[in-house]
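Structure first, then comments.
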Amino acid sequence: MMKLILQISILVVFFLSFFSNSSSGEMKKNIPVQMQSDTVPSSPGKMKKATQQSMFAGGMDSLKRFIAANLIYPDSALKYEIEASVNVRFTVDKHGAVRDVHLKPKDPVPGFGLAEEAIRVVSSMPKWEPALLKGKPVASYKILPIVFRLEKEDAAAPAPDN
């Protein structure tokens with residue numbers, strides 16, 4: 001019987017090496033993470049880049065561990081082997097709280113509970129270190145693309161010895 005291995009990729013400007021975590025020996029989560037530049041509203045319709053980007057508490061490795069520990073592949077998506085990318089947009093306020101979590105405007109909604117799960121996990125994030133503009137904490141927008149991907153285990157791989 002072929003086992004399904006869950007691979008969750010999170011794409012968010014620089015590539016970091018993958019993080020592997022196995023729970024109960026059957027599931028692996030490989031999470032490459034990229035972070036994009038923060039944008040800060042400066043006036044209606046205009047955006048500026050923050051002088052210092054907002055950062056998940058503990059850095060990128062902590063973000064990968066948080067996502068890996070909290071993201072659950074929805075049962076309906078598993079049942080129908082649905083794979084999709086969900087771009088979640090949110091604000092990190094000047095105090096570091098995650099606010100206004102929703103899908104990136106104009107992006108397609110993948111269905112099967114994937115969008116709802118991505119939004120749930122981002123909404124549950126602890127405080128971030130806020131972005132800075134000219135040395136002062138400011139609210140900033142982030143986009144965190146979360147790719148839900150199922151990977152079938154190689155059928156030719158030998159079964160583990162018991």
Tell me, which residue of region 62-82 that is within 15 Å of the chain's Cα centre (by Cα) and charged (D, E, K, R) is modelled with the lowest pLDDT? LYS64
Checked pairs for region 103-129, first within 14 Å of LEU71 (Cβ to Cβ), second among the charged types (D, E, K, R) and surrounded by fewer than 18 Cβ atoms within 10 Å (Cβ to Cβ), C-beta under 8 Å and 6 or more apart or across chains, list as GLY113/ASP75
In region 42-61, residue modelled with the highest pLDDT [restricted to those that are hydroxyl-bearing (Ser, Thr, Tyr) and within 15 Å of LEU132 (Cβ to Cβ)]: SER54
Out of curiosity, is LEU133 more than 14 Å from the chain's Cα centre (by Cα), among the aliphatic types (A, V, I, L, M), within 16 Å of GLU83 (Cβ to Cβ) and modelled with pLDDT under 95? no
Are there any pairs, at least 6 apart or on different chains, whose C-beta atoms fall under 9 Å, with the first in region 138-162 and under 16 Å from VAL92 (Cα atoms) and surrounded by 18 or more Cβ atoms within 10 Å (Cβ to Cβ) and the second acidic (Asp, Glu) and modelled with pLDDT under 85, and if so, which? VAL138/ASP38; SER140/ASP38; TYR141/ASP38; LYS142/ASP38
Filter result (over 11 Å from the mean Cα position of the chain (by Cα) and modelled with pLDDT under 95) within region 83-99: GLU83, ALA84
So for region 100-122 (the condition being surrounded by 13 or more Cβ atoms within 10 Å (Cβ to Cβ), modelled with pLDDT of 95 or more, within 18 Å of the chain's Cα centre (by Cα) and under 16 Å from THR39 (Cα atoms)), does at least one residue qualify? yes
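The values are calculated or read from the model by the stated rules, or taken from the named source; none is laboratory data. All figures in this text were calculated on a predicted structure; none of them were measured in a lab. A quick note on method: Cβ atoms are made from the backbone with ideal geometry, for glycine too, and the neighbour counts reach across all protein chains shown.
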